[in-house]
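Quick one: this structure, given as structure tokens, is what I'll be asking you about.
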Amino acid sequence: MTIRKIGVIGAGQMGNGIAHTCALAGYDVGLNDLSKERIEEGLATINGNLARQCKSGRITEDQRSAALARVTSVEKLDGFADYDLVIESATEDEELKRKIFAELCPTLGPDTIVGSNSSSISITRLAASTDRPERFMGIHFMNPVPVMELVELIRGIATEDETFNTVRDFVKTLDKTVAVAEDFPAFIVNRILLPMINEAVYTLYEGVGSVEAIDTAMRLGARHPMGPLELADFIGLDTCLSVMQVLYEGLADTKYRPCPLLVKYVEAGWLGRKTNRGFYDYRGDTPVPTR
């Protein structure tokens, strides 16, 4: 099967990044979200990010304008009827994802492949909620999508070889490197990364170091490009908590218990950069630690 048209459900940070990357690689892309306003915000972000790439010399003006022209708004899920691949990139909430698939799948052609950008949820379980588990798999992009080079591919128990091979070949055309992960909670990257972030939050919670001290220690002591608490803010503390909950519930090991301080920040609505407050306060000119 040849992939030509790609649908992306979710126009937020991950979704618009996937649409951006696919359009730049020459694919026609349809972008969907809950409202026309959200889609327009996603398109505006794509426009701005393409302009930055152009200004930095990574792409030409012709590439920028051509990519932008390839991304269109799809306001209803039945608009994906003739698409070859549809990638769901909604919030990391299993019930929401299943609801999307229940509405989406009956509108698709029989050969359409469905992918999920889930960062932690069982692909087998998500696939079982659709009418095409053999044509369903996990396609987990890293954030920010236009910059990060890796895509995790996860097969569900029913995923056919043809589906896997088609998606793998498609991902390679995006100039990304594939890592194949088994369908275990949080796969590879987040199975390792999120417990580290959670441990950094515990280190803060227990008073071992301040936000600034923890991030400085890991940047300069472990050569991390971004401290773990700064990274948590970038990812979104609600997403971090969701992944830790999936790990804790899926593997039944107390080492994955979400830190109570992480839970408290999410309950307060301090989700990181997207709400202007998390482990740092972003409302001024310079981020200021909140603890």
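Identify all residues within region 247-282 that are in a helix (DSSP H, G or I), surrounded by 23 or more Cβ atoms within 10 Å (Cβ to Cβ) and touching a Pro at 6+ places or on another chain (Cβ under 9 Å); write none if there are none.
Result: Leu247, single match.
Before we move on, is Asp285 out of contact with any Ser or Thr (no Cβ under 8 Å at 6 or more places or on another chain), surrounded by fewer than 20 Cβ atoms within 10 Å (Cβ to Cβ) and over 22 Å from Pro146 (Cβ atoms)?
Criteria met by Asp285.
What's the number of the condition Pro144 fails, among (1) modelled with pLDDT under 95; (2) buried (at least 20 other Cβ atoms within 10 Å of the Cβ)?
Going through the list (1) modelled with pLDDT under 95; (2) buried (at least 20 other Cβ atoms within 10 Å of the Cβ), Pro144 breaks only (2).
Go through region 1-103 and tell me which strands (runs of 3 or more DSSP E), entirely inside it, have 2 or more residues that are touching a helix residue (DSSP H, G or I) at 6+ places or on another chain (Cβ under 9 Å), surrounded by 20 or more Cβ atoms within 10 Å (Cβ to Cβ) and not hydroxyl-bearing (Ser, Thr, Tyr).
Qualifying strands (runs of 3 or more DSSP E): 5-9, 28-32, 85-88.
Given the conditions (1) free of Cβ contacts under 8 Å to residues at least 24 places away in the same chain; (2) within 22 Å of Met1 (Cβ to Cβ); (3) not β-branched (Val, Ile, Thr), which single one is not true for Leu126?
For Leu126, the failing item is (1).
Is there any pair with a first residue in region 173-194 that is over 23 Å from Tyr248 (Cβ atoms) and a second that is surrounded by fewer than 18 Cβ atoms within 10 Å (Cβ to Cβ) and among the charged types (D, E, K, R) whose Cβ atoms are under 7 Å apart and which are 6 or more apart or on different chains, and what are they?
Here the result reads Lys176/Glu149; Thr177/Glu149; Val178/Arg168; Val178/Lys172, each pair linking region 173-194 to a residue that is surrounded by fewer than 18 Cβ atoms within 10 Å (Cβ to Cβ) and among the charged types (D, E, K, R).
A follow-up question, please. If you scan region 183-209, which residues turn out to be assigned to a loop (DSSP other than H, G, I, E, B), surrounded by fewer than 18 Cβ atoms within 10 Å (Cβ to Cβ) and either of a type outside the set (D, E, K, R) or not assigned by TED's automatic domain parsing to the domain that holds Asp238 (or both)?
Phe184, Ile188, Gly207, Val208, Gly209
Can you tell me which residue is farthest from Ile192 (Cα to Cα) among those in region 210-229 that are touching a strand residue (DSSP E or B) at 6+ places or on another chain (Cβ under 7 Å) and in a helix (DSSP H, G or I)?
Across region 210-229, the extreme among qualifying residues is Glu212.
The values are calculated or read from the model by the stated rules, or taken from the named source; none is laboratory data. Only a predicted model underlies this, so the values are computations on that prediction, with no experimental measurement involved. Note: ideal-geometry Cβ built from the backbone for every residue, glycine included; neighbour counts use all protein chains shown.
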